[in-house]
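A.B. asks: Have a look at this one before I ask anything.
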Amino acid sequence: MKGEDGWVIIEMLVALFVLSFLLFAAVEYWGVLTIYQHTESLKYHTLSKMEVAGGLYPSDEQDLVKKLIDLGADPATIKIEGDVKEEGEAPVLWPNEVSLRIEFIPEYFNNFMARTLIGGSPGKPIRIGVKGSAVSQRTESD
């Protein structure tokens, strides 16, 4: 029994290291998951506006970009694709679909542990992307 005192300290140090790693990995994973869920929510909110308007207009696109930046997106990496309408461009009319795709790299929670847990390459940043579509409710008379 006298020779076991050193092993207890070694086992405790290994256990503390593993628990610390799991704690940091869980916090990073939670951060990325939270950003993803908020992005999904923004997608549905924007699609409901697009459904009524027949597309995403510049003012709504700017509002979406501001919300994504507030959420933690790196402004240089934000990509918004789909039925984004320029001034004077005709809206998508019923019964056609309006579509939206949002993609960006978060500024925060982009560390090694989160990338490895999600299944990405440890050398590449996490890319958050969501897409969806809705049937346009816009008609000729609107």
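A.B. asks: Need the list of aspartates and glutamates near residue 124 for cross-linking: C-alpha distance under 17 angstrom, and skip anything on the same chain fewer than eight residues off.
C.D. replies: Result set, ordered by chain and number: 28, 74, 103, 107.
A.B. asks: Using the heavy atoms of the protein chains alone and a 1.4 angstrom probe, what is the accessible area of the stretch 28-100 per residue in square angstrom?
C.D. replies: 56 Å²
A.B. asks: Now a separate question. Relative to the longest principal axis of the chain, what angle (0 to 90°, nearest 10) does the C-alpha long axis of helix 58-71 take?
C.D. replies: 10 degrees
A.B. asks: Ignoring ligands and nucleic acids, what accessible area does residue 50 show with a 1.4 Å probe (Å², nearest 10)?
C.D. replies: Here the residue's solvent-accessible area equals roughly 0 Å².
A.B. asks: Still on this model: How high is the relative contact order of the chain, in percent, with contacts defined as C-alpha pairs under 8 Å that are six or more residues apart?
C.D. replies: 29 percent
A.B. asks: While we're on this one: Computed from these coordinates, which is Rg and Dmax of the Cα atoms in Å: (1) 22.6, 90; (2) 19.0, 57; (3) 15.1, 48?
C.D. replies: From the options (1) 22.6, 90; (2) 19.0, 57; (3) 15.1, 48, the structure gives (1).
A.B. asks: Enter the angle in degrees (range 0 to 90, nearest 10) between the Cα long axis of helix 5-53 and the first principal axis of the Cα atoms of the chain, meaning the one along which they spread out most.
C.D. replies: 0 degrees
A.B. asks: What percentage of the solvent-accessible surface of the chain, computed with a 1.4 Å probe over protein heavy atoms, is contributed by carbon and sulfur atoms?
C.D. replies: 61 percent
A.B. asks: Same structure again: If you stretched the chain out fully between residue 40 and residue 97, how much longer would it get, using 0.36 nm times the residue separation minus the C-alpha to C-alpha distance?
C.D. replies: Residue separation times 0.36 nm, minus the Cα-Cα distance, leaves 18.7 nm.
A.B. asks: When we measure straight from the Cα of residue 49, which lysines land under 19 angstrom away, once same-chain ones fewer than 8 places off are left out?
C.D. replies: Once the sequence-local lysines are set aside, what remains near residue 49 is 66, 67, 79, 85, 131.
The values are calculated or read from the model by the stated rules, or taken from the named source; none is laboratory data. The model shown is predicted, which means the values in this text are computed figures rather than measured ones. Accessible surface areas use protein heavy atoms only, side chains included; no ligands, DNA or RNA. Shrake-Rupley method; radii C 1.70, N 1.55, O 1.52, S 1.80 Å.
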